[in-house]
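Below is one structure, written out as structure tokens; the observations come after it.
The values are calculated or read from the model by the stated rules, or taken from the named source; none is laboratory data. For clarity, every value in this text was computed on a predicted model and none was experimentally measured. We place every Cβ from the backbone using ideal geometry, glycine too, and count neighbours over all the protein chains shown. Quick note on the areas: whole protein, heavy atoms, side chains included, nothing else; ligands and nucleic acids left out. Shrake-Rupley method; radii C 1.70, N 1.55, O 1.52, S 1.80 Å.
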Amino acid sequence: MSQKFAAPKGVSEYLPPKSNVFDRIIQTLKVPALAAGYELIELPIFEDTELFTRGVGASTDVVTKEMYTFEDRGGRSLTLRPEGTAGVIRAVIEHGLDRGSLPVKLFYQGPFFRAERPQAGRYRQFYQFGIEAIGSNDPYLDAEVISIAYQGYRKLGLKDFELQITSLGDSESRAAHRKDLDAFIAGLNLDEETRTRALKNPLRLFDDKREEISSSMSKAPLLLDYLNSESRENFEAVKSALDSLEISYVVNPRMVRGLDYYTGTTFEFVHNGLGAQSGIGGGGRYDGLMELLGGSKLSGIGFGLGIDRILLALEAEAQSGQLLPGELKYIDLYVIALGDEARSKCFTLVDSLRKEGFVVEQNFGDRSLKGAMKAADKSGARFAIVLGDSELQSGSVELKQMSNGEQTSVRLTSLAKTLAEKSSGL
RNA sequence: GUGGGCGUAGCUCAGCUGGUAGAGCACCCGGUUGUGGUCCGGGAUGUCGCGGGUUCAAGCCCCGUCGCUCACCCCA
């Protein structure tokens, strides 16, 4: 009895050729981060459960109903990471990274886990690329962080997205607003569940898509109107820094983020071509997180970008039949051997060309020349050679350019040189 | 957790008021001796998601179940 296995529910998987695009996305997003001096931090996939309940916030849905939590053999409660920031902060504190020069600038990339009901752009295992800058509250740093995400998207060719920003202010500003917002919500007719949620974090109601709730929230007091002078000046400084980089944005005073640690500048990138899950990335400042997790009182800011959703966004923006960035695999040369003797010669030839840096594929098994040529064509190789008895005799091959069928006779000894010359001309 | 849609070849799907399985794409081979992309010919591939029921007969009807998907809650 053979059982057919399937991947667990709701996970995202990437197979060729789409996996090439997936890889390209990550490589591309890294470029602006590296250019700004951010360095890789590679962290465990699972952490102490309490890191998330405390860091992300016990009131959040992420913590209350979406965590993959399990006990290890020593009875410790562990959780598959639902987001990246808490782990980064933990590592910074644990290893004293904040004792060096500030801000500490880090980037990470990898899988994250939330046990939600899957839908378009929402998976139980999903991928994020993120950066964190810890130890400075300079508004220019906020703008730098935002610009790194922005540049990453643009480098990938994305256009149809919008940057939304707001400020959640400092604790004084939030307290003043909370008082009025609570009073306002108390006057609304809400179902039990929603009311409970509002008690934990009333801002969440701004994000509710149900018609009756969004319409009644339209008159709710906005946090942005309660910012004290310091918070307001800070927000203005961030905005003008973005202006100076010609990064356009819209201020969305109703924006809500899912994690409780955000303060001050908060932002989200929203794509217009996606379904309900339109946020392709977001982040913000977190003033109290470091201290909350047992570290020094340093502010930080960062973002997480959803690789899966960026891929969906690229697909949404692509014209039909258009290739996505990185989708086509690149091959310099396809080598076809005819006969046993040639086969053995080709095998070492391919090896040496690869060592010189060329991307080379060879045909395997007994195929007709026609079939092998067809495979060469489909591989996307720019050039092909056929090596059989006569080539072994003469010591030269016909180097065929696949795009136009042109063949040039080349000595085997100068194949690499000619290939390099011809390739650079393309 | 709640609600809608869908489950037929590797992929996208067709299958009329039930009569016992098809197309396109992809794949492999060939169109006389060692050269691809077009064209022509040939070929392999399905327990029609699974279980039960109705019927002489079910991919089509009924019940259940599993899965996928979209949306809500929530969120990258």
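Considering the range A:27-57 alone, what residues qualify as being outside any helix (DSSP H, G or I) and within 14 Å of A:Gly110 (Cα to Cα)?
A:Leu40, A:Ile41, A:Glu42, A:Leu43, A:Pro44, A:Ile45, A:Phe46
Looking only at helices (runs of 4 or more DSSP H) that fall completely inside the range A:289-372, which ones have 3 or more residues that are among the hydroxyl-bearing types (Ser, Thr, Tyr)?
A:340-355
Quick grid of which residues meet (1) within 16 Å of RNA strand B (Cβ to nearest atom); (2) open to solvent by less than 50 Å² (accessible area, probe 1.4 Å):
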| position | (1), (2) |
| --- | --- |
| A:Asn252 | yes, yes |
| A:Thr265 | yes, yes |
| A:Gly273 | yes, yes |
| A:Leu293 | no, yes |
| A:Leu298 | no, yes |
| A:Gly306 | yes, yes |
| A:Glu315 | yes, no |
| A:Asp340 | yes, no |
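Looking only at the range A:378-411, count every residue that is within 7 Å of RNA strand B (Cβ to nearest atom) and on the phi > 0 side of the Ramachandran plot and tell me the total.
Counting residues in the range A:378-411 that are within 7 Å of RNA strand B (Cβ to nearest atom) and on the phi > 0 side of the Ramachandran plot gives 1.
Condition check: surrounded by 19 or more Cβ atoms within 10 Å (Cβ to Cβ), of a type in the set (Val, Ile, Thr) and within 16 Å of RNA strand B (Cβ to nearest atom). Does A:Thr194 satisfy that?
no
Need the failing condition index for A:Glu116 against (1) farther than 26 Å from A:Val251 by Cβ; (2) within 15 Å of RNA strand B (Cβ to nearest atom); (3) in a helix (DSSP H, G or I); (4) open to solvent by less than 60 Å² (accessible area, probe 1.4 Å), just the number.
For A:Glu116, the exception is condition (3).
For the range A:197-217, name all the residues that are part of a helix (DSSP H, G or I) and open to solvent by 60 Å² or more (accessible area, probe 1.4 Å).
A:Arg197, A:Leu199, A:Lys200, A:Asp207, A:Glu211, A:Glu212
Just need a number here: residues in the range A:62-113 that are in a helix (DSSP H, G or I) and on the phi > 0 side of the Ramachandran plot.
Number of matching residues: 0.
Taking A:Gly282 as meeting all but one of (1) away from RNA strand B (no atom under 12 Å from the Cβ); (2) open to solvent by less than 10 Å² (accessible area, probe 1.4 Å); (3) among the small types (Gly, Ala, Ser), write down the number of the exception.
(1)
Could you give me the residue pairs with C-beta distances under 7 Å whose first residue belongs to the range A:229-244 and is open to solvent by 30 Å² or more (accessible area, probe 1.4 Å), whose second residue is not in a helix (DSSP H, G or I) wherever it lies, and which are 6+ apart or on separate chains?
Matching pairs, first to second residue: A:Glu230/A:Asp170; A:Asn234/A:Gly264.
From the list A:Val145, A:Val88, exactly one residue is touching an Asp or Glu at 6+ places or on another chain (Cβ under 6 Å), open to solvent by less than 10 Å² (accessible area, probe 1.4 Å) and closer than 17 Å to A:Ser299 by Cβ. Which is it?
Among A:Val145, A:Val88, only A:Val88 is touching an Asp or Glu at 6+ places or on another chain (Cβ under 6 Å), open to solvent by less than 10 Å² (accessible area, probe 1.4 Å) and closer than 17 Å to A:Ser299 by Cβ.
I'd like to know if the range A:370-377 contains one or more residues that are loosely packed, with under 12 Cβ neighbours inside 10 Å, of a type in the set (Asp, Glu) and either within 23 Å of A:Asp351 (Cβ to Cβ) or touching a residue at least 24 places away in the same chain (Cβ under 8 Å) (or both).
Within the range A:370-377, none of the residues are loosely packed, with under 12 Cβ neighbours inside 10 Å, of a type in the set (Asp, Glu) and either within 23 Å of A:Asp351 (Cβ to Cβ) or touching a residue at least 24 places away in the same chain (Cβ under 8 Å) (or both).
In the list A:Phe113, A:Phe184, A:Phe129, which residue meets the criterion of being of a type in the set (Phe, Trp, Tyr) and at pLDDT 95 or above?
Exactly one of A:Phe113, A:Phe184, A:Phe129 is of a type in the set (Phe, Trp, Tyr) and at pLDDT 95 or above, namely A:Phe129.
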